[in-house]
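A.B. asks: Quick one: this structure, given as structure tokens, is what I'll be asking you about.
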There are 2 protein chains.
Amino acid sequence: MEGLCLDGNGPVWRQIRRAILGRITGDAWRPGTRIPSEIELTRHFGVSRMTTNRAIQSLALEGHLERHRRIGTIVANRAQERPAFEIWDVREIIERSGERYSYQLLEQLIIPEDDARRDLFPVRRETALLWLRCLHLSDGIPFQLEERLVNVEAAPDILDLPLDQTPPGPWLVDHVPWSQAEHMISAVPAAAKEADALDLNIGTACLVVERRTWNGATPVTLAKLWHPGSRYRLKGQFEPVR
Amino acid sequence: MEGLCLDGNGPVWRQIRRAILGRITGDAWRPGTRIPSEIELTRHFGVSRMTTNRAIQSLALEGHLERHRRIGTIVANRAQERPAFEIWDVREIIERSGERYSYQLLEQLIIPEDDARRDLFPVRRETALLWLRCLHLSDGIPFQLEERLVNVEAAPDILDLPLDQTPPGPWLVDHVPWSQAEHMISAVPAAAKEADALDLNIGTACLVVERRTWNGATPVTLAKLWHPGSRYRLKGQFEPVR
DNA sequence: GCTCACAATATGTATAGACAATTAATCGCT
DNA sequence: AGCGATTAATTGTCTATACATATTGTGAGC
């Protein structure tokens, strides 16, 4: 705790926040490190516990810290890389909104050698490709429909994963290396299949994010994520607004 | 306020949060609407002000609400579309981290008719294109280098903008309609120019986000955003991790 | 009518204290 | 040694209160 101090700049809780964040981004507190408890920090800074609490909670909300009762507060694993990935972790978005996340596997198959879907991926005809459709729900209401193609050669262990229970996205991010990602965001009316899964009327505008991931020259996975457009109010964006 | 009520599920502040968020996403409170003051909500729910405050603050932090002293709390403009855009508003990222945002224009010019940079944009040779380089700083330290090409025909008013004071990104989002965006994320070593602007050593890994925006068939703008890679700890992502 | 001072309002920050919930460690019993 | 109950540490939530700060509205004085 030596050297951890306020800078007299702005509200106290922000000063404390900065002090802690500085330790994290400055690599003095690496991921996994346990930081001092609220009480210790409270005493150290000479403030009330609620003030310390606010600083720490805000960092925890943003994913820099993880907190557990009786255990303490530790520096999160990927504290620093978050900004770029925030949009992709549906579960986190939902849980941060205070809603209950649930998951459902709809379909799953190994793509036959002559299937058209292979054209989306420049791989040898013999390469096994896993295709699946699943649904992410927020408080039981469909939130995102995910269609995904996975190169089994790039991620062989995925076949051992209980896909009816675990969504593939977070697992892939954690277990399969990749070097490049391509994104494409567009607005598309829902066809029958999507409308059905997301419980919308056919033709409802959806926000579609397509994400292709590569490891060097090897394609890893391709995800197509459908969101009910109304959630995002994209309308103002793709109809003239002036 | 009629009908706004707790659901007995989880902590009270989360219940209040849900109740408010429900009004927002359910379109009962449209963007611009002023929501009841903390005191009113406090009385309505029969809790202490700090509890209401926590619920509202968390929504404000995530951008669903905007708060101003004496004015009150209003529903933010793009409350619903936020998840998809979070990564692009540097200023917000910086200010949410409790750091001071500042901005600097480095270069600006109208691209000559025979310039190679035109190839990035499929437009007629006569179309005026504005090119610029600017820097976004966090607490005075370079945070993001932005290189941008703007189709002046799609955004004529940009020439009136005091670009040495205002960053073009937020202005474009607010004033120019677009229908599609393409993104590409990659990791690239900094060349001399980037290293110089971002105050890095040549060869330091940077996270580069390229974003092309279209309005129907008309290209609107192309942005290339450089981040010092160390900020994001991308390393684990583009070097094999197993 | 204009300007300046002041009041009113809403949020921002901070304190001190209380009890609940979770989980690791410990101690005692068999 | 192993099991179970108890204790302790740590965060989670909540209350009641106080003063600070920003901004609008209002009214007095000119």
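Read-outs throughout are calculated quantities, based only on the coordinates presented, and are distinct from any laboratory measurement. Note that the structure is a prediction, hence the values are computed from the model and not measured. Heads up, the Cβs are rebuilt from the backbone with ideal geometry, glycines too, and the neighbour counts pull from every protein chain shown.
A.B. asks: Measuring nothing but label to label, 7 Å from Cα along Cα→Cβ, what are B:A217's distances to the other copies in nm, shortest first?
C.D. replies: In nanometres, ordered from closest: 3.6.
A.B. asks: Net charge near A:R148, counting Lys/Arg +1 and Asp/Glu -1 over other residues with Cβ under 10 Å of its Cβ?
C.D. replies: Taking every other residue near A:R148 into account, the sum is +1.
A.B. asks: Run through the other copies and list how far each one's label point is from that of B:I141, in nm with one decimal, shortest first; the point sits 7 Å from Cα along Cα-Cβ.
C.D. replies: Once sorted, the set of distances for B:I141 reads 4.1 nm.
A.B. asks: If you don't mind, another one. Please give the Cα centre distance for segment B:8-49 versus segment B:90-144, rounded to the nearest Å.
C.D. replies: First find each Cα centre; the distance between them is then 39 Å.
A.B. asks: Right, next: Give the nm distances, rounded to one decimal, from A:V173 to the matching residue in every other copy, measuring between label points 7 Å along Cα toward the beta carbon; shortest first.
C.D. replies: So the distances to the same position in the other copies read 2.0 nm.
A.B. asks: Given an 8 Å cut-off on Cα distances and at least 6 residues of separation, report the relative contact order of segment A:12-80 as a percent. Please report the intermediate quantities before stating the final value.
C.D. replies: On the way: 75 pairs, mean separation 26.6, N = 69.
Over segment A:12-80, the number comes to 39 percent.
A.B. asks: Order of B:T213, B:T127 from fewest to most other C-beta atoms within 10 Å?
C.D. replies: The most exposed by this proxy come first: B:T127, B:T213.
A.B. asks: Tell me, A:L130, A:L41, A:L105 in order of fewest to most beta-carbon neighbours within 10 Å?
C.D. replies: Ordered by Cβ neighbours within 10 Å, fewest first: A:L105, A:L130, A:L41.
A.B. asks: While we're looking at this one, here's another question. With a cap of 11 neighbouring Cβ atoms within 10 Å, and only residues DSSP puts in a loop, list the trypsin sites (Lys or Arg not before Pro) found in segment B:119-161. Numbers along the way, then the final one.
C.D. replies: Numbers: sites: B:R124, B:R125, B:R133, B:R148; in loops: B:R124, B:R125.
Answer by residue number: B:R124, B:R125.
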